[in-house]
Every structure is written in C-alpha cells, then in structure tokens.
Amino acid sequence: MSLVHIRRGRVGIAVAALAGTAVMLAACSGGGGGESTGGGAGGDLIVGTTDKITFIDPAGSYDNGSFAVMNQVYPFLFNSQYGTADVTPDIAESGEFTSPTEFTVTLKDGLTFANGHKLTSSDVKFSFDRQLKIADPNGPSSLLGNLASVEAPDDTTVVFTLKNGNDQTWEQILSSPAGPIVDEEVFSADSLTSDDDIVAGNAFGGQYVIDSYKINELISYKPNPDYKGALGAAENSSVTVKYYADASNLKLDVAGGNIDVAFRSLSATDVDDLSKNDAVKVVDGPGGEIRYIVFNFDTMPFGAATPEADPAKSLAVRQAMADLIDRQALSEDVYKGTYTPLYSYVPQGLTGATEPLKDLYGDGAGAPDLDKAKAALEAAGVSTPVTLNLQYNGDHYGPSSGDEYAAVKSQLEEGGLFTVNLAQTEWVQYAKDRTADVYPMYQLGWFPDYSDADNYLTPFFSADNFLVNHYDNSEVQELITAQASETDAAARQSDIEKIQELVAKDLSTLPLLQGTQVAVVGKDVDGAVLDGSFKFRYAPLHK
Amino acid sequence: MVTAVDAAAVVKPVAPQRGGLWRYILIRLVLIIPTVFILVTVVFLLMRVTGDPITAALGGKLPPAQLAERIHEAGYDRPLIVQYAEYIGGVFRGDFGNTITDGRPVVTILLQYGSATLELALYALIVAFALGIPLGLLAAYRRDRWQDAALRIAAILGYATPIFFLGMVLKLVFSVALGVLPASGRAGTRTELALQSLDGQTGIYLIDAIRLGRADAVGDVLWHAVLPALALGILTAGIFLRLVRTNVIGTLGSQYVTSARARGVGEYRLVTKHAYRPALIPIVTVIGLQIAVLLSGAVLTETTFEWKGIGFMLSEYLKARDFVAVQGIVVMIAVVVAVTNFIVDVVAALIDPRVRY
C-alpha cells in the first residue's frame with residue numbers, strides 16, 4: 001500500500017468518524033434547539049433581551065440594560081411593590097422627613113449581603129457618598145443633585161440632608177438607578193469597581209445573586225436567601241438571561257420555546273406576529289417612554305426670533321398641528337399598538353396623569369379635526385399653507401421613526417393647511433443642533449429616571465429645562481417648584497394636574513405617543529408584572 | 001520517447017540552496033514590520049477623519065461640558081502627531097487602549113472573542129475542504145460533461161454570492177421556515193452555562209465541550225455551527241473547487257500522466273492518484289489569502305448568526321461608533337492576516353523550494 005493510500009485512508013476514516021460522531025452527538029442533543037429545564041420551585045427560567053449592559057457598578061452606568069441587572073441584585077431603601085408606581089420602604093423599616101431638609105431612614109434589623117458582610121447604615125452612606133465622589137459621566141449621580149450629605153449615626157439609621165426641603169421625589173430617587181446599596185467591603189470608594197470584582201465578591205443584597213456572569217452574553221441568577229426586603233422571595237429556582245443583538249433572533253427563540261421570556265425589545269411587527277402564536281402569551285403594561293415634538297419658540301413659524309414674530313400666530317400654528325395629529329393612527333399603523341396615544345405630558349399609569357389635550361384639540365375625543373385646525377389659523381390671521389420645517393432622527397429612537405414622521409407629515413398636510421419639509425439628521429449632529437436653535441420643530445423621546453410625574457415636568461418646563469426651547473411661563477414654573485416640596489399628597493396631585501392643563505394650552509411640546517412595555521412569555525410561564533415602576537422583576541416569574 | 005523516469009525528473013523539485021530558506025524567512029519576516037506599520041497608520045488616520053472618538057461615541061449623549069472633559073481626559077484635544085506617537089507606543093506594548101462605550105481594554109476584547117472567530121474560521125475551512133476538494137476532483141474527472149458544468153456554475157455561485165445574503169437565505173430556510181437548525185448563538189443556553197462553569201476555558205467551544213465530557217454539549221456546539229460554517233465556508237469551497245479542477249486538469253496534461261495513461265492506467269486512478277497531490281499544493285498558498293477573506297467574512301457571518309466573536313464585536317462597536325475599539329480590532333485583524341501570510345509563505349517554501357527565488 002502506497003503512502004498516499006495510507007494517508008487517504010486515514011483521512012477518510014477520520015472524516016467519516018467525525019461526521020458520524022457529529023450526527024450522533026447532534027442527535028443526542030435533540031437537535032440542539034430545545035432546552036431542558038431543571039426542576040425546583042417555580043422552575044429555572046431563561047429570559048432573552050436585546051438590552052446591553054455597560055457596567056453593573058451603580059456609579060458607572062445609567063441605562064436600561066445595566067439597571068435591569070441592578071434591580072435584581074442590589075437592595076434599595078425604597079422600592080415599588082409589584083403592580084404600582086408608588087414606592088414604599090424596601091430594606092428600610094421606615095423613612096420620613098424629620099425636618100424639611102432631613103430625610104431619616106431606619107433600616108431593618110439583621111440585614112446582610114450574600115457574602116455574609118453586614119449591611120448597615122455605613123454601607124448606605126458609602127453607597128451615596130461614592131456616587132457623588134465618582135460622579136461618572138455615564139453614571140446617575142446627577143439624580144442626587146438635591147443631596148447635601150449623608151450621615152449614619154448608628155447601624156440602622158441614615159440621615160439624608162437635602163439642599164431643598166421636603167423633596168417629594170426623594171423616595172423615588174432612592175428607588176432609582178442612583179439608589180442601589182453596595183457593600184463597602186467590596187466596592188471602591190472613589191473609582192468604579194469592575195464587574196468581575198463585584199461578582200467575585202458576591203456583593204449582592206437584592207432578591208438574587210449572580211451565579212455566573214459573561215457580559216452581554218449570559219448571566220445566571222440564583223435567589224438570594226439573605227434578602228429581607230419588602231418584595232419577598234423569588235418564585236423560581238434560577239433565572240438565566242441571554243443577550244441578543246438582533247430582535248428577530250430573540251423572536252425566533254421565544255417562539256420556538258428556546259427561551260421562556262422575551263423582554264425588550266421586540267419590534268412592533270414581531271409582537272403583532274407573536275400575539276397570533278398559541279405557544280406564547282403577550283403581556284403588556286404601561287411604559288414610561290414618551291415620544292413628542294418640541295417647538296422652538298424662537299425659530300418656529302412666527303417665533304420670537306423670526307422676522308414675522310407673532311406669539312398669537314405662533315400659538316395658532318401649534319394648536320392647528322395639535323388639531324390635525326391622529327395619534328391612534330400612529331399607534332396602530334406604525335407601531336401596531338406597542339405605543340399608545342398620549343394626550344398629556346405625564347404618561348398614564350403615574351399618579352397625577354391627566355389627558356388635557358384630548359379635550360382641547362381635535363374632535364374633543366382624541367381624533368383629528370380639520371375644521372378646528374382651520375378655525376384656529378383663521379382666528380389668528382395666519383395665511384395658509386404654512387411651511388413647517390420638521391426634523392427627526394432615524395438612528396436613536398428606533399427604526400420606525402421614519403414611518404412615524406412620514407405619517408405625521410401626511411396628517412399635517414391633509415387639508416392643505418401645512419406644507420411640511422421633513423428632514424432627518426444623524427443623532428450625534430442632531431443632539432448638538434437641537435439646543436443651538438437649528439431646528440424650528442423636532443422629534444424627541446424620553447425615558448424616565450424615576451416613576452414620578454415630576455420627572456416629566458421639571459426637565460421640560462422649568463426655567464432652565466433641557467429642551468432649551470425658550471418656553472417660559474412663570475405660573476408653570478411656580479407650580480413646578482411648589483409640587484416638588486408639597487407634602488400634602490392631594491394638593492401635590494392638584495398642582496401636577498394644573499401644570500399639565502397650563503402647558504397643554506401653551507403647547508410647548510406636542511405629545512404623541514406613550515410606550516407600552518411588552519413581554520412575550522411561554523404559555524406555561526406566569527408572574528410577568530409590567531407596571532408603572534417600569535422595572536421588570538424576575539422574582540415573580542414561575543412555571 | 002519520454003519514459004516514466006524522465007517524467008518524474010520534470011516535476012522533481014530544485015534542490016534547495018544552503019541558507020536559502022533562512023534568507024527567505026528573514027526577508028518575509030522583515031517585510032511584515034512596514035506592512036503592519038502602514039496598516040496601523042492608515043487605520044489610525046481613517047478613524048480620526050470623522051473627529052475624535054469620544055465625540056463619535058458619546059456625542060449627543062453627554063452634555064457639552066462633560067463631553068469636553070472626557071475629550072480632554074482622553075487626550076484627544078492634543079495634536080494629532082502626539083496622539084499618533086502615543087498610539088504607536090501603546091500598540092508596541094500591546095496596549096490598544098480602552099473601549100469608550102464600556103471602558104474595557106481592547107486587548108481583553110481581542111483575547112476574549114478571538115477564539116470564537118478562530119473556531120468559526122476552522123469550521124469554515126473544514127466545509128471548504130470537505131466540499132471544494134472532492135467536488136473539484138469530480139469536476140476534473142467529469143471534465144466538459146454536464147456534471148463539470150454544473151459544478152463550475154455552483155462554484156461561481158458559491159463565491160459570487162455575498163456572504164450576508166447566503167447567511168440570510170440559509171437562516172430563513174433552515175431556521176425560520178423549516179425550524180431544524182438554530183438561528184443564532186454558538187450553543188444552547190444551558191450548554192453555554194455549563195461551558196462557562198468549566199475551569200480554564202479555551203473559548204473554543206468544541207474543545208471546551210469535549211473537556212466537559214458531555215456528548216449533548218458537543219452535539220449542541222456542532223449543531224449551532226452548521227449554518228455559520230456553511231455560510232462562511234461555501235465561498236472558499238467554490239474557490240477550492242475551481243482551483244483543484246484547473247490544477248488537476250493541468251496535471252493530467254503533463255508528460256508523466258500521459259505516460260501513465262499510455263501504460264493503461266484508468267482515468268479515475270489518474271485523477272485520484274497521479275494528479276491529486278500536485279494539484280493540492282497551490283491550495284496552501286490560497287489558504288493564506290483565504291484567511292483574510294474568512295476574517296472579513298466573519299464580520300457578516302457572525303453578525304447574521306450572533307456568533308459572538310471578533311467580527312460580531314466589530315459590528316457592535318461600529319454601531320456604537322466606538323472607534324477606539326474598532327481601531328484595535330481592525331489592527332489586530334490586519335496583524336493576523338500579515339502573520340498568517342508569512343506562515344503560509346514559509347510553508348509554501350518548505351513544500352516547493354522554487355518559491356524562494
């Protein structure tokens with residue numbers, strides 16, 4: 001036998017063996033597609049998401065993907081119970097204003113981290129002090145702008161000294177991305193701690209601990225037996241989170257039963273498709289995201305800095321636009337119901353939310369009204385058609401922005417009152433231009449920092465608001481300041497409602513849509529709670 | 001008359017000169033340095049065309065004051081030549097900087113995800129060999145018949161079809177429509193968890209799964225590799241097929257084969273015994289070129305199938321406009337291609353000493 005024969009023979013045998021082994025092993029794996037699930041109370045669950053983590057150190061990130069991890073593993077002084085946006089003590093026994101500028105929290109007795117370290121008021125002070133000291137540009141330290149100092153007079157007492165008294169958002173802030181309590185024996189006081197060190201240090205005190213961690217690929221969680229907070233123990237044996245880059249792969253896996261839960265962010269068409277699939281259930285709830293148009297009071301038609309400046313005509317243009325917008329059509333045609341019509345500035349689901357734009361504009365029931373728009377323009381003496389230069393962005397608010405704004409253009413032009421010049425700019429440039437008076441009217445979206453109406457009012461309508469759109473209404477600003485420190489809940493709610501009413505008349509921005517939280521779960525999975533807290537907790541999930 | 005002995009003398013390699021191989025290796029090695037240097041420079045300059053990396057990644061996300069602070073801290077407000085000198089210094093020390101979006105050392109990203117790309121490239125090469133060589137031999141054996149024509153058309157289609165398109169078609173057919181093969185990932189979730197718990201992971205899932213000692217894990221890993229390996233390997237298979245066919249037909253026309261044919265050796269035996277081995281030699285050289293093709297193709301294939309390797313990460317960092325990460329990954333790919341070509345040149349020289357002249 002020649003050398004060539006011997007080699008070819010060996011190669012042939014090896015290839016055949018490899019192929020045979022592969023087929024046999026693949027058969028053993030059951031096709032590779034299925035996932036066996038372990039036993040135990042509530043079962044082992046696999047959650048899929050397209051969110052991304054930047055850091056799991058609370059001082060270093062301020063994004064949905066990172067906060068989703070923090071929510072499961074870190075304890076909070078205050079938190080929202082399942083099904084509500086309102087917060088109550090979590091690992092705190094109680095918390096209240098003991099003076100206008102002092103908020104005193106009493107911790108529960110015997111708190112510990114999963115690594116056995118005691119969780120005392122010293123850890124709480126450490127957690128907030130390091131947020132302020134590190135003040136990472138990617139972190140949430142800006143939420144603590146009202147915090148002057150933190151003291152820990154004994155092991156279970158924490159005193160927060162605030163700059164402005166009676167801050168009614170403070171309890172919400174304690175439950176926000178700025179509020180996770182970390183272990184001072186594991187975390188660095190003045191720099192970010194790496195994810196690996198946090199996991200290795202088992203520095204967790206929330207409902208779960210991280211069992212294994214591969215960033216943006218796979219994280220497995222196990223219930224934390226030492227958690228003594230108000231949310232209770234997990235109803236499952238473990239949760240594994242798988243990270244996807246492509247929502248269509250997420251959809252395929254949840255439809256195929258390879259994962260038990262898909263949460264954030266399936267496309268509208270995928271959700272629509274999955275809602276017809278008997279193998280899964282679509283669960284939805286109010287979402288904190290809002291989408292809206294901003295008016296620049298200086299540069300919009302008849303704006304203060306234009307040659308034809310006229311406040312009355314400028315308002316009439318805004319009113320006529322509000323009369324013509326068909327939010328229901330945007331919701332259904334563009335987003336297949338994954339966004340719902342928004343008729344106010346505070347989204348539905350939050351305490352104090354009203355719908356003043358429904359009554360004030362259109363047909364009075366939420367639908368558009370061309371005659372009303374014509375009347376508004378005629379009454380102000382505006383010649384039609386009015387040219388509107390409307391800017392939007394295609395790479396920051398999801399791929400459907402183009403369709404959304406094409407529909408907005410079409411709605412505004414119907415009836416011949418407006419001619420809309422629609423233009424798109426890439427986000428990096430867009431973000432610079434919008435605050436430099438470049439765009440007369442433009443698209444923006446907003447995710448809340450915490451679940452309180454204030455977070456939809458102060459950033460938008462206070463004197464130095466982040467929109468920088470030259471809107472200035474002293475009555476609105478006084479009410480914003482008043483509600484922030486109003487200790488009477490009913491009086492505060494009244495202030496919040498009044499602000500929405502006033503701004504709806506001024507139309508500083510035009511709200512369009514409110515996001516809906518959507519989770520798709522296997523038909524045997526229960527316990528998915530999507531509420532006004534906008535936090536998706538893994539603990540109530542079970543099979 | 002030409003005898004079989006004469007024919008053998010025609011293909012007998014030229015005897016290597018003493019020191020020729022070492023001189024050749026040295027020259028090739030020295031040539032890598034300017035190649036890599038030019039590549040690093042070009043990539044550095046291209047990444048700066050659109051401005052500083054901090055603004056590219058975080059512009060619009062940070063307030064202007066914080067953005068300016070970050071730019072200053074990172075040194076991107078200094079003269080370009082200073083930045084370049086520092087970057088080159090860092091590259092020589094193996095420091096490619098930290099990514100902007102998540103602050104991780106680029107070197108860690110390269111090490112962590114490089115093994116996944118290597119694994120996929122190896123699977124693709126296996127597909128290329130397994131399809132390209134036998135089919136190339138078949139095409140040569142059935143030359144100018146319909147089987148040959150069909151295989152040549154298939155080869156052209158194979159390497160002319162864009163990788164992302166082929167990947168999408170495979171995924172749509174086998175994952176979406178038929179539901180028989182996984183659409184994404186390198187393994188099922190539970191297999192990945194099991195591999196994650198393994199001490200001293202290599203990052204090459206097949207090896208790790210074998211070390212884990214679980215047949216279902218090995219099967220799961222191989223099962224997930226089928227579509228990405230096909231998508232990436234079919235292109236190279238088409239090239240191999242054409243190359244083997246052409247070389248075998250060329251060899252079949254040589255004197256020693258004519259002589260063998262005259263001795264009554266059958267056509268099948270001529271192809272599989274006499275023309276087969278010499279026809280494979282050029283493939284060694286082509287593999288070197290294919291490494292670059294496989295690495296660039298990996299970006300599309302890994303993205304399509306969420307195969308979390310270097311190509312996938314490059315795509316993610318490009319989307320995030322993290323040009324520090326992009327720069328590091330592109331430079332690393334360039335270095336790998338340069339080094340691989342060097343190795344291939346050396347191997348080719350060892351096989352056939354004539355390439356040294």
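Side notes on the structure shown:
- Axis of helix A:489-506 versus longest Cα principal axis of chain A: the two differ by about 60°, to the nearest ten degrees.
- Globularity index of segment A:330-424, i.e. its alpha-carbon radius of gyration over 2.2 N^0.38 Å: 1.21
- Cα-based convex hull volume of segment B:121-234 per residue, rounded to whole Å³: 115 Å³
- For the pair segment A:495-514 / segment B:190-264, the C-alpha centres are spaced 63 Å from each other.
- Here's the picture: charge each Lys and Arg Cβ at +1 and each Asp and Glu Cβ at -1 in segment A:188-318, and of A:Val209, A:Ser188, A:Gly232 the one pushed furthest to the positive end of that dipole is A:Gly232.
- The Cα center of segment A:344-365 and the Cα center of segment A:390-442 differ in position by 23 Å.
- Given their separation in residues at 0.36 nm each and the Cα-Cα distance between them, B:Gln201 and B:Val180 gain 4.7 nm when the chain is fully extended.
- Hydrodynamic radius by Kirkwood, which averages 1/r over all alpha carbon pairs of segment B:65-180, in angstrom: 19.4 Å
- Inter-chain Cβ neighbour average for residues B:299-306, partner chain, 10 Å: 2
- Across every pair of non-identical alpha carbons in segment A:425-478, the mean reciprocal distance, once inverted, gives a Kirkwood radius of 12.5 Å.
- Gyration tensor (alpha-carbon) shape descriptor, the protein assembly as shown, a/c threshold 1.5: prolate
- Cβ-Cβ FRET estimate between A:Ala365 and A:Glu151, R0 fixed at 60 Å, reported to 0.05: 0.65
- Pairs of lysine residues in segment A:57-177 - Cα separation under 19 Å, sequence separation of 8 or more or cross-chain: 5
- Averaged over the residues of B:180-187, the number of partner chain Cβ atoms lying within 10 Å of the residue Cβ comes to 6.
- Note: relative contact order over chain B, using C-alpha pairs below 8 Å and six or more positions apart, is 29 percent.
- When the alpha carbon coordinates of segment A:47-98 are projected onto the principal axes, the ranges are 40, 26, 15 Å, largest first.
- Low-density loop cleavage sites - trypsin sites (Lys or Arg not before Pro) in segment B:109-158, where at most 13 other Cβ are within 10 Å (DSSP): B:Arg145
- Alpha-carbon centroid distance for the pair segment B:64-106 / segment A:78-127, whole angstrom: 40 Å
- Working ranking of peptides A:182-193, A:526-537 by packing, defined as the average number of other Cβ atoms within 10 Å per residue, highest first, is A:526-537, A:182-193.
- Between the residues A:Val280, B:Ile291, A:Gly415, the greatest Cα displacement towards the positive end of the dipole of the protein assembly as shown, with unit charges on the Cβ of Lys, Arg, Asp and Glu, is found for B:Ile291.
- Principal semi-axes in Å for chain B [√(5λ), Cα gyration tensor, largest first]: 44, 28, 18
- With a 10 Å cut-off around each Cβ of A:135-143, the average count of Cβ atoms from other chains is 3.
- Simple point charges give the picture: +1 on the Cβ of Lys and Arg, -1 on the Cβ of Asp and Glu, and for the protein assembly as shown a dipole about the Cα centre of about 7380 debye.
- Taken over segment B:251-338, the alpha-carbon convex hull comes to 112 cubic angstrom per residue.
- For segment A:135-186, alpha-carbon Rg and Dmax in angstrom: 11.9, 33
- Rounded to the nearest 500, the helix-only mean residue ellipticity at 222 nm of chain A stands at -9000 deg cm²/dmol, with each DSSP H run of n ≥ 4 adding -39,500 (n - 2.57).
- Too-long pairs where the Cα-Cα distance tops 28 Å, listed order kept, from A:Lys242/A:Lys543; A:Lys214/A:Lys336; A:Lys276/A:Lys543: A:Lys214/A:Lys336
- Taking every DSSP beta bridge that has both ends in the protein assembly as shown, the antiparallel portion is near 75%.
- For B:Leu243, the solvent-accessible surface computed with a 1.4 Å probe is close to 40 Å², ligands and nucleic acids excluded.
- Its relative contact order, with pairs defined as Cα atoms under 8 Å and 6+ residues apart, puts segment A:365-479 at 24 percent.
- To put it simply, the accessible area of the protein assembly as shown at a 1.4 Å probe is 59 percent carbon and sulfur.
- Measuring spread by the Cα atoms of segment B:152-205 yields a radius of gyration and Dmax of 16.1, 48 Å.
- Percent of Cα-Cα distances greater than 21 Å, calculated over segment A:65-157: 37 percent
- For chain A, the relative contact order comes to 19 percent (Cα pairs under 8 Å, sequence separation of at least 6).
- Average 1/r across all pairs of distinct alpha carbons in segment B:190-290, invert it, and you get the Kirkwood radius: 16.9 Å.
- With DNA, RNA and ligands ignored, accessible area of A:Tyr244 (1.4 Å probe; Å², nearest 10): 10 Å²
- The heavy atoms of B:Ile207 present about 80 square angstrom of accessible area, all protein chains included, probe 1.4 Å.
- The count of lysine pairs in chain B whose Cα atoms are under 25 Å apart, excluding pairs fewer than 8 places apart on the same chain, comes to 5.
- Cα Rg over Rh - segment B:26-93, Kirkwood: 1.12
- Per-pair calculated FRET efficiency, R0 = 35 Å: B:Ile27 and B:Ile88 via Cβ, rounded to 0.05: 0.90
- Sparse-neighbourhood loop sites, GluC sites (Glu not before Pro) in segment A:244-345 - DSSP loop, at most 14 other Cβ within 10 angstrom: A:Glu308
- Spacing of the modelled spin labels on A:Tyr82 and A:Ser99, each 7 Å from Cα toward Cβ, amounts to 4.2 nm.
- Where segment A:385-543 is the region considered: accessible area per residue in Å², 1.4 Å probe: 36 Å²
- Span-like helix ranges in chain B, DSSP H, alpha carbon extent 30 angstrom or more, Kyte mean at least -1.0: B:20-48, B:106-141, B:215-252, B:276-305, B:323-351
- Each chain gives up part of its surface: A and B jointly bury about 3800 Å² of accessible area, both sides summed, for a 1.4 Å probe.
The values are calculated or read from the model by the stated rules, or taken from the named source; none is laboratory data. Bear in mind the structure is a predicted one, so any value in this text is a computation, not a measurement. Every residue, glycine among them, receives a Cβ derived from its backbone with ideal geometry; neighbour counts consider all protein chains shown. For the accessible areas, the whole protein counts, side chains as well, though only heavy atoms, and no ligand, DNA or RNA atoms are used. Shrake-Rupley method; radii C 1.70, N 1.55, O 1.52, S 1.80 Å.
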